[in-house]
1. What is the number of the single condition among (1) outside the structural domain of B:Met295 (by TED's automatic domain parsing); (2) at positive phi; (3) touching a residue at least 40 places away in the same chain (Cβ under 8 Å) that B:Ala183 does not meet?
2. Criterion first (at pLDDT 95 or above, farther than 22 Å from B:Met72 by Cα, in the same structural domain as B:Ala21 (by TED's automatic domain parsing) and not charged (D, E, K, R)) does B:Ile158 satisfy it?
3. Among the candidates B:Val236, B:Val218, single out the residue that is β-branched (Val, Ile, Thr), within 21 Å of the chain's Cα centre (by Cα) and at the interface with another protein chain (Cβ under 10 Å from one of its Cβ atoms).
4. When only residues in the stretch A:94-110 that are part of a strand (DSSP E or B) and buried (at least 24 other Cβ atoms within 10 Å of the Cβ) count, which is farthest from the other protein chains (Cβ to nearest Cβ)?
5. Any residue in the stretch A:322-339 that's surrounded by fewer than 19 Cβ atoms within 10 Å (Cβ to Cβ): show its pairings with residues that are in a helix (DSSP H, G or I) at Cβ separation under 7 Å, as long as the two are six or more apart or on different chains.
6. Please indicate, with yes or no, whether at least one residue in the stretch A:197-218 is in a helix (DSSP H, G or I) and among the basic types (Lys, Arg).
7. In the stretch A:147-164, what count of residues is obtained for those that are part of a loop (DSSP other than H, G, I, E, B), of a type outside the set (A, V, I, L, M, F, W, C) and over 23 Å from A:Arg295 (Cβ atoms)?
Amino acid sequence: MTYVRSTFRHPALPKNDLGYTVDYYEGSLSTLCAGCGHDSINAAIVQACWEMNIEPHKVAKLSGIGCSSKSPAYFLSNSHGFNSVHGRMPSVATGANLANRDLIYFGVSGDGDTASIGMGQFVHVVRRNLNMVYLVMNNGCYGLTKGQDSATADAGSKSKAGSVNLFEAIDLASLAIELGATFVGQSFSGDKDQLIPLMKAAMKHNGFAFLNVISPCVTFNNNPGSTKSYDYVREHVQITGTMDFAPMMSEITASYEAGDISDITMHDGSEIRLHKLQKDWDPLDRFSVIDAMLRAKQKGEILTGLLYVDQDSSDLHEMIKTSERPLNSLSKADLCPGSEMLSEINASLR
Amino acid sequence: MKTNDFVVRFANVNGTGSASANALFTKAVFRMGVPVTPKNIFPSNIQGLPTWYEVRVSEKGHLGRREGVDLMIAVNPQSMKKDYADVMAGGYFLYDSSKPLPPGYDRDDITHVPIPLMNLCNAEFTDARQRQLFKNIIYIGALSALLDLEFSVLEGQIAEQFKGKEKLIEPNIRALNIGVNYARENFDCPLNIRVERRDLLGDKILFGGNSACGLGAVYAGATVAAWYPITPSTSVVDAFAKYAAKYRVDPETGKNNYAIVQAEDELAAIGMVMGASWNGARSFTATSGPGVSLMNEFLGLGYFAEVPTVLIDVQRTGPSTGMPTRTQQSDILLAAYASHGDTKHPLLFPASPKECFEMTADAFDLAERLQTPVIMMTDLDLGMNDHITDPLVWDDSRTYDRGKVLTAKQMDRIYAAQAAITASNGNGHDVLDGNSGLNADDGSDETAGEPLEQFRGKFGRYLDIDDDGIPYRTIAGTHATRGAFVTRGSSRDEYGVYTEDGDAYRRNVDRLAKKWETAKELVPQPEFHSNEEYRISYPESVRSEDSSSDVRNAELGVIYFGTSTYAAEEALELLAEEGIYLDAMRVRAFPFGKSFRDFVETHDRIFVIEQNRDAQFRSLMMIELGADSSKLVSVLNYDGTPITADLVHRCIKLRL
């Protein structure tokens, strides 16, 4: 890690529509290891939010415990953050979201935090279709406690010390789709071009947007024989398609090679333009996605990109009919039935 | 003749509809203006096991349980042998005589009241479910005659109960009449125990503690409830849901001004509460001991990261699964010190449904004022039984104390360093108008005497600028560029920045200790009864025969809380009748303030009444006050049934 940050900013740094330069979206200095995949993901978050003209104070960052969960300190320093307890970020995010439906909720977790201690809360937040981005920085190991295998480590993957993992891996993206997640993306920390549009689309999705991002641990799980090393992942990534994201009312300007292009319109009118590279796979069709993922797994490949999206998703608030006004903005006049009603209640109890 | 002073116990089979029939009985006595207290003694089972409903009728207004049963309504063959033995000498044994009693039921010190309930019922009704349900109504009818319950009162209740389903009224009344007629034709009515109309209840109500907590949360402005089902707390959220559906649906949009989530477990339930509270909504959960065990981790986070949280613990019999449907006050130490590290939490001890309502509202104010978890310590007896209680009161001028939450304007003022220095005279802590929502930046935050200049131009989440240990917080989304910070369970400095610096850590936990001192005088204070009160009510002239004349009592004290209150206060009267006068303190909250400490210091011997085996409250006093163990005498009840005055009276006399 570095411990000095330059305060010099080029005077001509471009500004977004809100008048902010990209550094306004940065966080405090990362304390993660040099070369950690997580830092690349954090940089992608910063870039995506800047490009999307997101007001930082309209974002809440939430996490559990672990290297990944330290991340919220390293992006969006002008957003409130909640670094909670191990495996429990989904419940904290659920409560926070119930209190104020108007913010963007960005949850950051790791493979230990989600696939082991937090599995119970993870599967239930998927079921509830909470309107949030849930990003797993997946490195297949426990970094903060020096590299033990996690539940997403592939069977047969070799650790730095040379031992081979015996147990089947939990595939979080497949699981999320199985559970009815309404937006599932998978990516690699080294592929910023893919990550940024994925994050943008995830933030615009109306419901639970799950991003499983393979993020190699340079210190404990980047050795030959590990299936979560930079080299291995680069060799085995199968990109489902390249994509670009255009917020509502703006035009998609990216140029594409000739091929199978499809546009996906999101809840608020934003558009995802997808350039499909995989045959027999349609991100709007769960069956084809599950099929494609199983085939990829059989071949030892990692399918990346926007895997699945349900454009008509209804989030938790819509399902339980919560007021459009954020609950935390309601006043006593909205909430308290008052003494007259209480007299009626008393009368009914005699 | 025992008029308005007896105990009836109904011995039923779980799941046969007896609960609503038995409740009719209680309500009828209540409506005749006579103090009455029902206790459900039920199994952890949905159908088939024995269940009892015990009703004490007490002209003197004693609402605790009493030992001994004057009249047993024995309609459960499974438990009949024990039920028979439990009738006190001179009492009555009412049973279904459709089949003869087995041999051995031959006590000559009690009176048998045989009524062929099944035969009477089957002769009148053909439907199987009706036959089951109306058997209960028939014995209520019989009781009306046997105990002089006014029939018109029962009729009125039936009419209310089946409003909208009028065709059910007639068969219910018919069943009541079958009972009345059979009793009149076959027994001398009334028996030697009877109810006589009085006007002893004024405007009191009959209500359960769990319902009162749920209603209190609605009045307190709670908008997010997250919970996981567990007996005996489930009906707290049921009540919140019921009242919210009635009072919290926006009439224009039809949308809910509240959200209820049934979580996947208690860990998630309290996590949701903390997320919501952190984000500026009033939020709560309700659980029982096993849930509190699971919530320990989050409670520690709430304490250390300073997140307001309201937790309602409806205690049941532990340890482990214990007896899930029986009562106890055995989570005291668990709740007081929940979680690892140096943690402690304010506890509230309501003793009546009215106090459940009030303290739930107080709990939200305290949690936000203190920015910490506050735990309501109620129990199964209080929560799941109906109690006669004073009418609920809500002062419309009461505002919600949202604590030290900074608005966008205040944030601007902090950062406009020069301007901030002009503010002065710092006694006003109310930085937010309690009538406004947290994000309603309507200019109503112009309070006098803001201490904001002490931030010296920079907001610090954990600065103690008021010297009370309570810092200022901001809510996400409040200000476009100022006031953001990361809430975390790890150590941080005054500006919310992660640190492992020992000095910064110590400054922080010392500030939390200072906040604890502030809490001592903010929480509800104890209620005191001096021995003089009892001396005036029970002067020597009215003392009973066996009174011990020469007990010096000024230095004797009694401490009790929660549902031990009824039994303790009745026992104090029993003792006073014998010329033994004690000072009493009903504890309403933890931590203990000055008046609590004074009471302990000024008494040589103190009886501490509580409902657990290990005298947990006494331990708490020893830990927190360093109280001398030799002067704290425990009076304990822990068999899962509510404590009785008889037990308290006996134990105190034994140790005088």
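1. Only one criterion is unmet by B:Ala183, namely (2).
2. Yes; evaluated as a whole, the condition is true for this residue.
3. B:Val218
4. The first filter runs over the stretch A:94-110 and keeps only residues part of a strand (DSSP E or B), leaving A:104-110.
Checking the rest, the ones that are also buried (at least 24 other Cβ atoms within 10 Å of the Cβ) come to A:105-110.
On the way: A:Tyr105: 9, A:Phe106: 11, A:Gly107: 11, A:Val108: 12, A:Ser109: 13, A:Gly110: 16 Å.
In this case the residue turns out to be A:Gly110.
5. If the second residue must be in a helix (DSSP H, G or I), the pairs left are A:Pro337/B:Val218; A:Pro337/B:Tyr219; A:Pro337/B:Tyr247.
6. yes
7. Residues of the stretch A:147-164 that are part of a loop (DSSP other than H, G, I, E, B), as a first pass: A:147, A:150-157, A:159-163.
Okay, now just the ones that are also of a type outside the set (A, V, I, L, M, F, W, C), so A:147, A:150, A:152, A:154, A:156-157, A:159-160, A:162-163.
Now drop any that are not over 23 Å from A:Arg295 (Cβ atoms), which leaves A:147, A:150, A:159-160, A:162-163.
Looking only at that region, the number is 6.
A quick yes/no check of all residues on (1) assigned to a loop (DSSP other than H, G, I, E, B); (2) not aliphatic (A, V, I, L, M):
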site: B:Tyr566; (1), (2): no, yes
site: B:Ala571; (1), (2): no, no
site: B:Arg597; (1), (2): no, yes
site: B:Met621; (1), (2): no, no
site: B:Ser630; (1), (2): no, yes
site: B:Val633; (1), (2): no, no
site: B:Tyr638; (1), (2): yes, yes
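The values are calculated or read from the model by the stated rules, or taken from the named source; none is laboratory data. All values derive from a computational prediction rather than experimental measurement. Positions of Cβ are backbone-derived with ideal geometry, glycine not excepted, and every protein chain shown enters the neighbour counts.
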